[in-house]
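All remarks here apply to the structure that follows.
The values are calculated or read from the model by the stated rules, or taken from the named source; none is laboratory data. Quantities reported herein were computed from a predicted structural model and do not represent experimental measurements. Positions of Cβ are generated from backbone atoms using ideal geometry, with glycine treated the same way; all protein chains shown enter the neighbour counts.
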């Protein structure tokens with residue numbers, strides 16, 4: 001047993017004799033220990049815990065391991081935690097009581113294959129990565145020597161048909177708005193269509209994030225209802241790129257002015273009030289139902305609006321920007337506004353960029369078509385005089401018959 005300090009942090013190091021006579025060697029960070037005494041106490045507790053684990057590891061089942069993993073995962077985002085919990089609940093029904101030392105590559109590979117035959121790639125990915133994390137935790141905690149998921153492979157899904165992105169052109173959106181009866185919902189749809197934010201970003205928006213004078217909106221958080229034991233929660237946004245300040249067009253600025261006038265009449269209004277929903281973010285189900293009602297009402301009147309999801313407004317905004325892209329802004333500017341990377345934007349909307357490139361070519365063809373460009377015609381080569389000169393050189397013996405024949409062929413291209 002030993003304790004030592006490195007880079008202002010305390011570590012423990014030593015070895016423990018196992019039942020088979022070999023030794024388990026360890027060097028670990030003594031977390032949150034500030035003195036040598038605390039580090040020594042940490043090591044005592046660590047050794048006791050390790051010994052207890054050796055007794056329990058042969059009988060620990062998957063559900064017990066998964067529960068311990070969740071309790072230890074204190075630094076993950078709440079939405080990730082909720083996803084893991086959902087997957088664990090489903091896995092427990094399949095093999096929750098199975099001892100973790102009985103899992104192997106073949107068993108888990110078969111399980112993943114069964115999922116792939118029923119569900120989409122993205123859904124199978126959730127299973128794959130959650131199970132992998134749980135068994136990785138088991139290895140880190142010395143419950144297992146090898147992660148049984150390490151050699152399990154996913155199918156490439158090469159034959160999977162990519163779903164077409166559904167979006168509305170501005171004319172379609174204007175038709176839809178005419179059939180939305182609730183004025184607040186109209187303002188929400190205007191915000192989503194012309195700002196392109198994610199649904200959760202819109203739901204989490206508070207009045208302190210809106211600057212009507214500057215015409216800007218700060219996006220720095222998101223809403224989620226995938227939290228166990230909670231109806232909803234405001235968390236950090238999807239990625240670091242998601243934190244951004246975006247400018248409002250006049251149509252959105254006017255909508256938010258109307259929304260603020262509406263909210264200010266309500267009791268308890270302040271800067272922390274949610275822009276849409278007031279005391280709590282507007283529920284996703286309310287958004288979905290009003291969207292479906294508007295589409296149904298429009299189509300009953302003879303229109304042919306495509307059915308889109310709330311996320312379809314984000315797709316609509318990007319397509320609107322791409323299809324009207326000019327030399328005033330680039331795909332990088334679009335990515336900045338959307339809170340994504342250029343790579344993600346170009347990969348997701350590749351087909352739209354192809355259409356945009358076609359418009360560029362049409363413009364060039366049209367522009368160059370009205371101009372007459374005179375290209376200088378190449379001069380006709382004088383083969384006859386050249387051959388005469390070669391014949392004279394042959395006659396006076398400067399070149400041989402063979403050389404003359406070769407040069408003649410070169411000149412005539414034969």
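What's the number of the condition residue 139 fails, among (1) closer than 17 Å to residue 92 by Cα; (2) assigned to a helix (DSSP H, G or I)? All conditions pass for residue 139, except number (1).
Please work out if residue 203 is touching a strand residue (DSSP E or B) at 6+ places or on another chain (Cβ under 8 Å) and buried (at least 20 other Cβ atoms within 10 Å of the Cβ). Against the criterion (touching a strand residue (DSSP E or B) at 6+ places or on another chain (Cβ under 8 Å) and buried (at least 20 other Cβ atoms within 10 Å of the Cβ)), residue 203 qualifies. I want to confirm something. Restricting to the range 220-237 and keeping residues that are out of contact with any helix residue (DSSP H, G or I) (no Cβ under 6 Å at 6 or more places or on another chain) and farther than 17 Å from residue 284 by Cβ, which single residue is modelled with the highest pLDDT? So the residue we want is 220. Of the numbered criteria (1) under 30 Å from the mean Cα position of the chain (by Cα); (2) outside any loop (DSSP other than H, G, I, E, B), the one residue 296 fails is (1). The set of residues in the range 299-322 being within 14 Å of residue 191 (Cα to Cα), in a loop (DSSP other than H, G, I, E, B) and out of contact with any helix residue (DSSP H, G or I) (no Cβ under 7 Å at 6 or more places or on another chain) is empty. The residues of the range 115-134 that are farther than 13 Å from residue 91 by Cα and outside any loop (DSSP other than H, G, I, E, B), listed by number, are 116, 121, 122, 123, 125, 133. With respect to the conditions (1) in contact with a strand residue (DSSP E or B) (Cβ under 9 Å, 6 or more places away or on another chain); (2) farther than 15 Å from residue 192 by Cα; (3) surrounded by 15 or more Cβ atoms within 10 Å (Cβ to Cβ), residue 282 lacks only one, and its number is (2). Meeting the requirement of 1 or more residues that are surrounded by 13 or more Cβ atoms within 10 Å (Cβ to Cβ) and touching a helix residue (DSSP H, G or I) at 6+ places or on another chain (Cβ under 6 Å), the helices (runs of 4 or more DSSP H) wholly within the range 1-101 are 62-72, 78-95. Go through the residues of the range 190-205 one by one and say whether even a single one is part of a helix (DSSP H, G or I), modelled with pLDDT of 95 or more and over 28 Å from residue 294 (Cβ atoms). No, every residue in the range 190-205 fails to be part of a helix (DSSP H, G or I), modelled with pLDDT of 95 or more and over 28 Å from residue 294 (Cβ atoms). Would a scan of the range 261-283 turn up a residue that is more than 24 Å from residue 220 (Cβ to Cβ), touching a helix residue (DSSP H, G or I) at 6+ places or on another chain (Cβ under 6 Å) and modelled with pLDDT of 90 or more? No: the range 261-283 contains no residue that is more than 24 Å from residue 220 (Cβ to Cβ), touching a helix residue (DSSP H, G or I) at 6+ places or on another chain (Cβ under 6 Å) and modelled with pLDDT of 90 or more. Among residues that are touching a residue at least 60 places away in the same chain (Cβ under 8 Å) and within 19 Å of the chain's Cα centre (by Cα), residue 198 is included.
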